[in-house]
Amino acid sequence: MRFALVNDEKANPQPKVHGRCPHCGEEVISKCGRVKIWHWAHKSREVCDPWWENETEWHRAWKDNFPKEWQEISALDPETGETHIADVKTSHGMVVEFQHSTMPPEELAARERFYGNMIWIVDGLRSDLDLGYFRIGLGSTPIQTNPLAYAFAWSGPDRRLAGRSHLAAESSKPPAY
Ligand SMILES: [Zn+2]
């Protein structure tokens, strides 16, 4: 996680600081090493959200497009009793999830059910193979130009997007082809 509560303030990890998880209230420890991105870790277990994925610079850069108050917003699922932390939840209630890794289709469906009003931002540049499939899936003509957006139909084996046919791919600059 990027944020913990330190003196009741939403705080970034700093070396040798303890805080509380804003979602479950448990003690968290700052992890400020050289390999992984600086983050907060629960003292006694994995992150309290079973859907959480370890973050990279890619996640943080995306989250930074949004105000801090909108980042890492949790809600309790009354059916499962699980807590889920949205990467971003806007003040209008839309959830934005930044997805770098693959996930089982059941989890993808469960997340969409839980969040309802949401969009996915998927890292399509993890490999040349991803990029190739991404280009195949893009429509030839943008559906709008400002911001630039294409209708998108995923055709590759990547399970992050299996069955998604109405996703719009958006970029601040035109694709280089
Ligand atoms: Zn927690």
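Rule-based calculations on the coordinates, nothing more; no lab input. In this text the structure is predicted, and so the values were computed from the model without any measurement. Every residue, glycine as well, gets a Cβ built from its backbone with ideal geometry; the counts of neighbours run over all protein chains shown.
Note down the magnitude of the dipole of region 1-93 about its Cα centre, charges +1 on Lys and Arg C-beta and -1 on Asp and Glu C-beta and zero elsewhere, to the nearest 20 debye.
For region 1-93, the charge dipole is close to 520 debye.
What does the net charge come to around Gly116 if you take all other residues with beta carbon closer than 13 Å to its beta carbon, with K and R at +1 and D and E at -1?
Neighbour charge sum, excluding Gly116 itself: 0.
I want to verify a result. In a Gaussian network model of the chain, Cα cutoff 10 Å, which of these has the top mean-square fluctuation: Lys16, Lys31, Lys68?
Per the Cα network of the chain with a 10 Å cutoff, Lys16 tops the list.
Which value in deg cm²/dmol, rounded to the nearest 500, describes the helix-derived mean residue ellipticity at 222 nm for the chain, given -39,500 (n - 2.57) per DSSP H run of n ≥ 4 and division by the residue count?
On the way: 3 runs with 28 residues, N = 177.
Helices in the chain give a 222 nm mean residue ellipticity of -4500 deg cm²/dmol.
Once you charge only the Cβ atoms, +1 for Lys and Arg and -1 for Asp and Glu, what is the size of the charge dipole of the chain about its Cα centre, to the nearest 20 debye? Mind dumping the intermediate values first?
Details: 21 positive and 25 negative charges, 100 e Å.
Dipole of the chain, to the nearest 20 debye: 480 debye.
Obtain the radius of gyration and the Kirkwood radius of the chain from its C-alpha atoms and give Rg over Rh.
Working: Rg = 17.5 Å, Rh = 17.7 Å.
Reported Rg/Rh (Cα atoms, Kirkwood Rh): 0.99.
Tell me the angle of helix 105-115 to the major Cα principal axis of the chain, expressed in degrees between 0 and 90 and rounded to the nearest ten.
Helix 105-115 and the main axis of the chain meet at about 70 degrees.
If you average over every viewing direction, what projected area does the convex hull of the Cα atoms of region 1-48 give, in nm²? Could you put the intermediate results ahead of the total?
Values: hull surface 12.0 nm².
Projected over every direction and averaged, the Cα hull of region 1-48 covers 3.0 nm².
Angle between the Cα long axis of helix 128-137 and the longest principal axis of the chain, 0 to 90 degrees, nearest 10?
On a 0 to 90 degree scale, this one is about 60.
To the nearest 20 debye, what charge dipole does region 44-142 have about its Cα centre, counting +1 at the Cβ of each Lys and Arg and -1 at the Cβ of each Asp and Glu? Write down the numbers at each step before the final one.
On the way: 9 positive and 19 negative charges, 64 e Å.
Computed about the Cα centre, the dipole is about 300 debye.
Over the chain, what is the relative contact order in whole percent, taking alpha-carbon pairs under 8 Å and six or more residues apart?
Details: 283 pairs, mean separation 20.5, N = 177.
Worked out over the chain, it gives 12 percent.
How much length is gained on full extension from Glu53 to Thr141, taking 0.36 nm per residue of separation minus their Cα-Cα distance? Write down the numbers at each step before the final one.
Details: separation 88, 0.36 × 88 = 31.68 nm, distance 3.36 nm.
Fully extending the segment from Glu53 to Thr141 adds 28.3 nm.
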